[in-house]
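Some notes on the structure that comes next.
Coordinate-derived values only; no laboratory data. No experiment lies behind these values; they were computed from the predicted model shown. Positions of Cβ are generated from backbone atoms using ideal geometry, with glycine treated the same way; all protein chains shown enter the neighbour counts.
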Amino acid sequence: MRHADRLHTYMVCIASLMLCYISVCQVRAQDDVEYRYEIGAGLGATTYYGDFNSRLFGNLSAAGAAVFKMVVNPHSAVSVTGMYSKIKGEYDKSQTYYHPFYDEGYKYNSSIVDLSVRYEYNFWPYGTGKDYRGAVRWAPFVALGIGLTGVKCQERTVDYATSERMTSSESLVTANIPLGIGVKYRYGDRMNFALQWMMHFSLSDQLDGVKDPYYVKSNGLFKNTDCYSVLMFTLTYSFSAKCPTCMKDR
C-alpha cells in the first residue's frame, strides 16, 4: 500500500508540473504581440518594356521606394508604395526598325514616380510562429493592385500617329496595374525582409517619349502600351501592437 500510495503521489506531482508548464506556455503565447502596420523602404532596379526595349533586364536603372503596409491578417496585407526611378535607352540599341529614327536616331531619358496600392496574399500564414498558431517566418506571396505613374520625358516627345512634335521635358500622368510575386522573411519580432518582382502595365504608350512610331493610332486598354518591371528588396518595421487581451485572428 505504501508503495502504491507513493507511486500515486509521484504521478500526481508529474501531472501537476506538466499542466503548469502547458499553462505557462499558453499564457506566453497569448502574450506575444501581433502588429497592425509596417513601415520601411526599398532599393532595386527598374526595366522598361516598349517600342525601344524587349529584353527582360535591358537598360536597368536604380529605383528607391517608401513602403507602408496595413496587416489584415497573417495571410494578407494592403501595401501603399511610392517609388522613384528612371527609364532610359536609345534607338540604336533597340534591335527594332523604325523608319523615323533610322537616320537621326533617338534617345530617351524619363523620370518615373509611381504611387500604387496593392493587395498581398501570403500562401502560408506569416509571423513569428508565436503570435499566430501555425505561422512561419518566411512565406511566398502574390500581389495585385492599381497605381498612378507620373513621367517626365527629359528628351523630345513625339506622337507619330498625328505627326505632332511636343516640347522637351513633356510630362504625363497615367494609370498602371501592378502584378507580381515575392517572398518575405520575419527576422526577430518586428523586422521584415522581402524580395519582390512587380510588372506595372501602364495605359500609355508614351513612357519613352514616343507614341505610335508606326504611324498607327492604337485603341484598347493595354494595346501597344508601355510597361515597366521593378525588382526590389524591402526592409520594413512592424509597429502598433494589437491589444494582447483582445481576440486575435486565429
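Take the Cβ-Cβ distance between Ser171 and Asn109 as r, set R0 to 22 Å, and report the resulting FRET efficiency rounded to the nearest 0.05.
After rounding, the FRET efficiency stands at 0.95.
Could you compute the FRET efficiency for Asn224 and Val80, with r as their C-beta to C-beta distance and R0 at 22 Å, rounded to 0.05?
Once the sixth-power term is evaluated, E becomes 0.15.
For Arg137 and Val117, calculate 0.36 nm times their separation in residues minus their Cα-Cα distance, and state this gained length in nm to one decimal.
The Arg137-Val117 span can extend by a further 4.8 nm.
Taking H as built 1.01 Å from N, whose amide H comes closer than 5 Å to the amide H of Val72, not counting residues under 5 places away?
Sorted by chain and number, the residues that satisfy this are Ala77, Val78.
Say the cut-off is 25 Å between C-alpha atoms; which of Lys107/Lys152; Lys69/Lys152; Lys69/Lys130 go over it?
Lys69/Lys152
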